[in-house]
1. Restricting attention to the stretch 231-253, which residues are modelled with pLDDT of 80 or more and among the hydrophobic types (A, V, I, L, M, F, W, C)?
2. Across the stretch 242-283, which residue is most open to solvent (accessible area, probe 1.4 Å) among those that are of a type in the set (G, A, S) and in contact (Cβ under 8 Å) with a residue 24 or more places away in the chain?
3. If you go through the stretch 199-227, how many residues are charged (D, E, K, R) and in contact with a helix residue (DSSP H, G or I) (Cβ under 9 Å, 6 or more places away or on another chain)?
4. Search the stretch 294-308 for residues that are modelled with pLDDT under 80 and pair each with any residue that is surrounded by 11 or more Cβ atoms within 10 Å (Cβ to Cβ) and of a type in the set (V, I, T) when their beta-carbon atoms are under 9 Å apart and the residues are at least 6 apart or on different chains.
5. So which helices (runs of 4 or more DSSP H) are wholly in the stretch 273-360 and hold at least 3 residues that are over 29 Å from D383 (Cα atoms)?
6. Any residue in the stretch 109-131 that is farther than 19 Å from T147 by Cβ and open to solvent by 70 Å² or more (accessible area, probe 1.4 Å) sitting within a Cβ distance under 9 Å of a residue that is of a type in the set (K, R) and part of a loop (DSSP other than H, G, I, E, B)? List the pairs, counting only those 6 or more apart or interchain.
7. Inspect all residues belonging to the stretch 126-136 and state whether any of them is of a type in the set (G, A, S), on the phi < 0 side of the Ramachandran plot, at pLDDT 90 or above and part of a loop (DSSP other than H, G, I, E, B).
8. It is to be established whether one or more residues within the stretch 228-241 are among the polar types (S, T, N, Q) and open to solvent by less than 80 Å² (accessible area, probe 1.4 Å).
Amino acid sequence: MRALRYLPLLAIIAGLGTAMATDWSPVVYPAQRLPLVFSHRQHLGRGTACAACHPAATTSRSAVDNLIPTEAACRACHPIDRSQPDRVVAGAPPTTCVACHPGWTPTTPVARVYLTPTPLKFDHSAHVKTACSQCHGDLTKVDLATTAQLPTMASCLSCHADGAEPRRCADCHLAKPGGLIETRFAHGELVPQHAGTGDAHGPQFATHHAQEARQVGATCNACHDQAECVGCHQGVVKPMDFHPGNYILTHGVEARRGKPECSACHREQSFCVGCHERSGVGTRAPSAFDAADPGRQFHPAGWASPGPGPNLHAGEARRNITSCASCHREEDCLTCHSAEPGKVNASPHPAGWRGSARCRALDRGNRRMCLRCHITQDELGCDWSGAR
């Protein structure tokens, strides 16, 4: 029962370290203020039934219902008399005001209970045949029940086996128009922090979530519209915190490795080359390198030659063309790899390329790309038999 588990605000703040180690979220179960003294252990030890103090729980159909017992419920056993705040009745349970309201004095108002409604849907009446301890744990060992006794997602999934499926999220969580889960509330933002469904959003999750997104049963689309993924992966939205500080000085290692893929957000022929040329490491702007001077060449001897030779760049280009494109524009490649008159007409394709499955796949996907080197329509198509 939601009403059974709240702490005074200061107690919650003091216990945040413990809270973060549990399986519940402070956004799902917001901080509450319950300035009361109460012992579930003592009441249950006397044989008191849960419904005796929480009768509304058997019919409650909303998680925002306040199921904390009122003074009227307490009066069934405690002979409370407000006109006699220090009254003690022999043989009867405590009746003084300070027994339940610590720090109360006749000159100060009673500290009020403050509850922030939980952003969940829950029907107690549908679970009336389920033992309270199955969801709330063993309260015979608990005095003031707190958020530690509220049901965790793991406890819910022990019965609702299909509850982790994205189509089921809105059964319990509030949803926006359109069906996505509502994650922003006045008291915080709902972010998966635990591994119960395999999608904990830990440190650097924004840049390292591929494994979670690919797993069977991934719950991404319960909270995120596909447009969010496409917007970021296609570079429409560029999150400014994607790279760490001073990344411009260290990005070369990841760029050569190809992970993360730079071109997912940046256009190599404009963004990368433009920055490199402005920094003096491109091919068109003045720089400290000179291909005609052996002492100032960027690449080693035999890297690229118009005629027979080692042409060491071929293997590197096939391994990671992105590394080449970070300094060279497409026109540099076309100096040799083009069928235009006056060009070297060196084919970048391996033996047996024309007519291969790879050739046909690229031809079907984007024939315009072929026209960068093959300048006439007659040369296009994987079944062309003329001289290459």
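1. If the condition is that a residue be modelled with pLDDT of 80 or more and among the hydrophobic types (A, V, I, L, M, F, W, C), then I248, L249, V253 are the ones that fit.
2. First pass over the stretch 242-283, keeping only residues of a type in the set (G, A, S): 245, 252, 255, 258, 263-264, 270, 274, 279-280, 282.
Add one more test, that the residue is in contact (Cβ under 8 Å) with a residue 24 or more places away in the chain, and what stays is 255, 258, 263-264, 282.
Values: A255: 22, G258: 22, S263: 57, A264: 36, G282: 12 Å².
Among those residues, the one meeting the criterion is S263.
3. Keep residues of the stretch 199-227 that are charged (D, E, K, R), which gives 199, 212, 214, 225.
Keeping just the survivors that are in contact with a helix residue (DSSP H, G or I) (Cβ under 9 Å, 6 or more places away or on another chain) gives 199, 212.
Adding up the residues that qualify gives 2.
4. What qualifies is P306/T335; P306/V344; G307/V344.
5. Where helices (runs of 4 or more DSSP H) fall fully within the stretch 273-360 and carry at least 3 residues being over 29 Å from D383 (Cα atoms), they are 273-278, 321-325.
6. Here the result reads A126/R61, each pair linking the stretch 109-131 to a residue that is of a type in the set (K, R) and part of a loop (DSSP other than H, G, I, E, B).
7. Within the stretch 126-136, one or more residues are of a type in the set (G, A, S), on the phi < 0 side of the Ramachandran plot, at pLDDT 90 or above and part of a loop (DSSP other than H, G, I, E, B).
8. Within the stretch 228-241, not a single residue is among the polar types (S, T, N, Q) and open to solvent by less than 80 Å² (accessible area, probe 1.4 Å).
The values are calculated or read from the model by the stated rules, or taken from the named source; none is laboratory data. Note that the structure is a prediction, hence the values are computed from the model and not measured. Here the Cβ is made from the backbone with ideal geometry for all residues, glycine too, and neighbour counts use every protein chain on show. To get the accessible areas, we keep the full protein, side chains included, count just its heavy atoms, and leave off ligands, DNA and RNA. Shrake-Rupley method; radii C 1.70, N 1.55, O 1.52, S 1.80 Å.
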